[in-house]
Amino acid sequence: MITSNSVEKNIELLKEYYSWKRSIKLLDRIEKEVFDGKIGRAQVKAGLENAIMYLLLHADYDGKDLFELLTKPTLIYGFECIDIKGVTDEHGDKMMSIVNEEGEIKKFDTETQKAPEISITAEQFTMGDFKLERNQYVDKAYNFVAKKEGEEAAAAHLLRCALRYASIYSETRHIGPPQTVYDAFYKWGVRNEGFASPFNARVLGKEDAQFYSLFKDTDAVFGSGGSFFHLSEPHNPGHWSLDPPFLTETMDRVDKRIGEWREKYPEVAILLIIPASHTPANKPDETVTLKAGTHHYEGLAGTMNPLPVDVCIHRYGNLEGFSAETIIEGYTP
């Protein structure tokens, strides 16, 4: 069990907690002061998430405070990605003003503040106002670390990681292909999973496998190799599956990397999961098309939900045993 004394000594965990608190305050203020309730909270959150995701994938992040890197064009771009109409320079100026007013994360002062209470139940992990509901993927990540470092350390790592993702409003990023589909990928030789997180990594815990995610500092303990874009070559043996955010510039960048790797490492096969609306820059050897409303992805709690858009799984290179029928069956509830 995590004691209050051990929490107070875990400065990194406390920093993530107060970073999350700041993110919630920013969300509240932008929803009320910038959009005056005319845009739903979920849409405001999605716009902010896209803006921050763009920075993480394309800017020189390197552990900096992401909110200090935000710019007006980036914020406006984030809302354009979800087809929010009428987001003007004035909206951008107001959002930047709020971001600047909130400033840096306040340092945790052990002299004046008590560490938030942490509790662990069969239903959730809780730290102060933050709640992480338990599901098969949360428990898989927790158990993976607990076996190596013990339950107290595992809970601290899990909460720190969950707070980091929550602070960038990342909820939809934890969805993914059904586990049965990824089990087939693994059987066909896929050992590397790009654009995952500790809360959706389908290869987490599998032998000789590695996933790649946004934050190496919080995610490495769960087996992350860091950002896919930081790799200069496919150093871990085995084939790849890439499921990038459905942002045009990100998918274009992935296309470029696939072209480079296919030329330099033709023995490495790659599966690319992207919306059917995106035409890949590299001609695939085979494409499996999944239909919106008919085929289902696996959600946060392991539930099957209908795809909101048509999705394609493009195969580059040879995967022994690859079967379009197996994939379609796995996406069919």
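FYI, it's all coordinate maths here, none of it is from the lab. This is a predicted model, so every value here is computed, not measured. Note that each Cβ is placed from the backbone with ideal geometry, even for glycine, and that neighbours are counted across all protein chains shown.
Under 5 Å between amide hydrogens, built in the peptide plane, is the criterion, and for residue 242 it picks out 194, 271, 272, 273 among residues at least 5 positions away or on other chains.
DSSP beta bridges fully contained in the chain are about 70 percent antiparallel.
Would you please give the FRET efficiency between residue 208 and residue 38, computed as 1/(1 + (r/R0)^6) with r the Cβ-Cβ distance and R0 = 41 Å, to the nearest 0.05? Using R0 = 41 Å, I get an efficiency of 0.20.
Full extension of the chain between residue 323 and residue 309 yields a length gain of 2.8 nm, computed as 0.36 nm times the residue separation minus the alpha carbon distance. Descending by average beta-carbon neighbour count within 10 Å, the peptides 14-20, 124-130, 177-183, 230-236 line up as 14-20, 177-183, 124-130, 230-236, the highest first. For the stretch 230-243, putting each phi into the Karplus relation 6.51 cos²θ - 1.76 cosθ + 1.60 with θ = phi - 60° gives couplings of 8, 7, 8, 7, x, 6, 7, x, x, 8, 10, 10, 10, 10 Hz, in residue order, rounded to whole numbers and with x for Gly and Pro. Each helix, a run of at least 4 DSSP H residues, gives -39500 (n - 2.57); summed and divided by the residues of the chain, these come to -12500 deg cm²/dmol at 222 nm. For the stretch 299-333 and the stretch 17-77, what is the separation of their C-alpha centers, rounded to whole Å? The stretch 299-333 and the stretch 17-77 have Cα centres separated by 31 Å. If you model the stretch 213-283 as an ellipsoid using its alpha carbon gyration tensor, with each semi-axis the square root of five times an eigenvalue, the axes come out at 21, 16, 10 Å, biggest first. Of interest is the spacing of the C-alpha centroids, which for the stretch 143-204 and the stretch 217-266 amounts to 16 Å. Amide H contacts for residue 296 (H built 1.01 Å from N in the peptide plane; partners 5 or more residues away or on another chain; cut-off under 5 Å): 307, 332. For Cα Rg over 2.2 N^0.38 Å, the choices are (1) 1.12; (2) 1.02; (3) 0.94; which was calculated from the structure? Matching entry in (1) 1.12; (2) 1.02; (3) 0.94: (2). Largest first, the extents of the alpha carbon coordinates of the stretch 15-102 on the three principal axes equal 33, 25, 21 Å. Among 309, 268, a tally of other beta-carbon atoms within 10 Å of each Cβ gives an order, fewest to most, of 309, 268. Full extension of the chain segment joining residue 249 with residue 230 gains 5.2 nm, where the gain is 0.36 nm per residue of separation less the Cα-Cα distance. Across the stretch 173-330, Cα pairs under 8 Å and at least six residues apart give a relative contact order of 23 percent. Pairs to check: 256/283; 85/291; 32/94. Give those whose C-alpha atoms are more than 18 Å from each other in this structure. The answer is 85/291. Couplings 3J(HN,Hα) of the stretch 300-314, computed from phi: 4, 9, x, 7, 8, 10, x, 4, x, 9, 5, 10, 10, 10, 9 Hz, in residue order, whole Hz [Karplus 6.51 cos²θ - 1.76 cosθ + 1.60, θ = phi - 60°; x for Gly and Pro].
Does the stretch 173-330 classify as rounded, prolate or oblate by the C-alpha gyration tensor (a ≥ b ≥ c root eigenvalues; a/c under 1.5 gives rounded; else a/b over b/c gives prolate, otherwise oblate)? Rounded is the answer for the stretch 173-330, as its axis ratio a/c remains below 1.5. On full extension, the segment bounded by residue 149 and residue 88 gains 17.0 nm, given 0.36 nm per residue less the C-alpha separation.
Annotation for residue 286 and residue 136: the two label points, set 7 Å from Cα along the Cα-Cβ direction, are 2.5 nm apart.
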